[in-house]
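Some notes on the structure that comes next.
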Amino acid sequence: MDFFDSKIENIRDKIKQINITSSLSSGVADLEQNPVTEVRLEVFNPLPQLELEKIISSSNSTTCTLDAVPTKLLKQVLPDIIKPLLMIVNSSLTLGHVPKAFKTAVIKPLIKKPNLDPSVLSNYRPISNLPFISKILEKAVAQQLCSYLQRNQIYEKFQSGFRPYHSTETALVKITNDLLTAADQGCASLLVLLDMSAAFDTIDHTILLERLENMVGVTGTALTWFKSYLTDRYQFVRINDMSSSYTKVRYGIPQGSILGPLLFTLYMLPLGKVIRKQDVDFHCYADDTQLFISAKPDDRVRLKKIEDCVKDVKLWMSHNFLLLNSEITEVLLLGPKAARNKLSDLMLNLADFSVTPGSAAKNLGVIIDSDLAFDKHISMLLEQLFYTYVTSPS
């Protein structure tokens, strides 16, 4: 557990150093103060018994170490225990209080990629395993919050993460369509793929609560519930029969929770305004942000506007305790070959590093190339299929 805690502290220290030497421009700072909506979500409605039964029955039968009984057994005896469960869930919703037992997580270290060295701790990400009933409570809150967001059109239009009827596909289709349209018009395009370091784990709770209140319109008992949800959380690592000591969660939102991804997208709401201020196109999937801009190859001034955009994005992120990972951020030059040739010497200064646009990069699991022909991605899939075929038992 010490490794994960120290990693987050180190990232936050880097962010603090950036904030010491830089400040948000007045235009960007003002964007954070403007509310998205004037409507309010003041209370969470208590659930009818049938609704709670539906949520429990449709949930995966996974069991956490902290669960008193296996989830399968709980579902089998649900008719006998539904009333006390209903009282627990509805008391939490109406009183704005999350029980202490629901705020302890077992951390399961999950290796980021199968080919990484399992002996290197930095190759793991912490995934929270929470008690089953706590996830049921989170689902009840998430349903009402999502309904409120959708009804009042508070979602970021170009955020495809953790939304109904959205996925990586919607993000990829939107970006590819816009880039192909620009290419048909003889334009070159710059695509910047931004990456953040442990974004879910560095979120500042005070900023998140202010964002929920001022930009989303969560007030009253509903806001009190979120304060309780984020306060006094604890976690520990358990591997086989060995457990670490408990540590208090001071920052971030639990990866593996129901509400975590949704809260992250709300935390990121002002980012869209920051990007639009520079007249740059974008699309997001959770913490993966894609910036792109198109222009005739002779209009380098417009293409280079993406430099100012990345600078503003980095500053906004640092002031919201998010760290842009320069080492993994990639840039592609796309469009007709003739247009790209005119920009072969293009060099971009993205905040604190210079980069020459590349010809291919992986974006949301798909290799995008300068011609938008997807040849490299198809070749990769064929290699994987061939390997699976020759290594599978006959």
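Read-outs throughout are calculated quantities, based only on the coordinates presented, and are distinct from any laboratory measurement. Computed from a prediction, not measured in an experiment: that's the story for all the values here. In this analysis, Cβ positions are derived from the backbone assuming ideal geometry, glycine residues included, and neighbour counts consider all displayed protein chains.
Under a 5 Å amide H cut-off, with hydrogens placed 1.01 Å from N, residue 256 pairs with 128 among residues at least 5 apart or on other chains. Decide, for the range 29-143, between rounded, prolate and oblate: order the square roots of the alpha carbon gyration tensor eigenvalues as a ≥ b ≥ c, take rounded if a/c falls under 1.5, and otherwise choose prolate if a/b is larger than b/c, else oblate. Oblate, because a/c is 1.5 or more while a/b does not exceed b/c.
Please report the relative contact order for the chain, taking Cα pairs under 8 Å with a sequence separation of at least 6, and give it as a percent rounded to a whole number.
On the way: 595 pairs, mean separation 87.5, N = 394.
Reported relative contact order: 22 percent.
Excluding same-chain neighbours fewer than eight residues apart, the lysines reachable from residue 83 by a Cα-Cα span under 19 Å are 54, 72, 75, 135, 139.
Can you give the net charge of the other residues whose Cβ lies under 14 Å from the Cβ of residue 217, counting K and R as +1 and D and E as -1?
Surrounding charge for residue 217 is -1.
Between the amide H of residue 282 and those of 292, distances stay under 5 Å, these residues lying 5 or more places away or on another chain, with hydrogens modeled in the peptide plane. Cross-link partners of residue 305 among lysines, defined as those whose alpha carbon lies under 24 angstrom from its own and excluding same-chain residues fewer than eight positions apart: 157, 174, 273, 277, 296, 314, 337, 342, 362. Tell me the label only: which of (1) 44, 26, 18; (2) 39, 26, 21; (3) 38, 21, 20 is semi-axes √(5λ) of the Cα gyration tensor in Å as calculated from this structure? Computed from the coordinates, semi-axes √(5λ) of the Cα gyration tensor in Å corresponds to (2). The charge dipole of the range 122-175, taken about its Cα centre with unit charges on the Cβ of Lys, Arg, Asp and Glu (plus for the first two, minus for the last two), comes to roughly 40 debye. If you take all other residues with their beta carbon under 11 Å from the beta carbon of residue 349, and give Lys and Arg +1 and Asp and Glu -1, the sum is -1. Between residue 239 and residue 168, the simple label model (points 7 Å from Cα in the Cβ direction) yields a spacing of 2.7 nm. Extension gain, residue 73 to residue 116, is 11.8 nm, computed as 0.36 nm per intervening residue step minus the present C-alpha separation. Paramagnetic label reach from residue 224 (point 7 Å along Cα→Cβ; backbone nitrogen cut-off under 12 Å): within the range 85-102, residues 92-98.
Shape class for the range 172-250: oblate, because the ratio a/c of the largest to smallest gyration tensor axis (alpha-carbon atoms, square roots of eigenvalues) is 1.5 or more and b/c is at least a/b.
Label separation (residue 123 vs residue 88): 3.9 nm, computed from points 7 Å beyond Cα along the C-beta direction. Electrostatic tally near residue 334: other residues with Cβ closer than 11 Å to its Cβ, Lys and Arg +1, Asp and Glu -1, net -1. Backbone N atoms of the range 284-298 closer than 15 Å to the 7 Å Cα→Cβ label point of residue 372 belong to residues 291-297. Taking amide H positions as modeled 1.01 Å from N, with prolines and chain starts lacking one, the residues under 5 Å from residue 64 and 5 or more places away or on another chain are 132.
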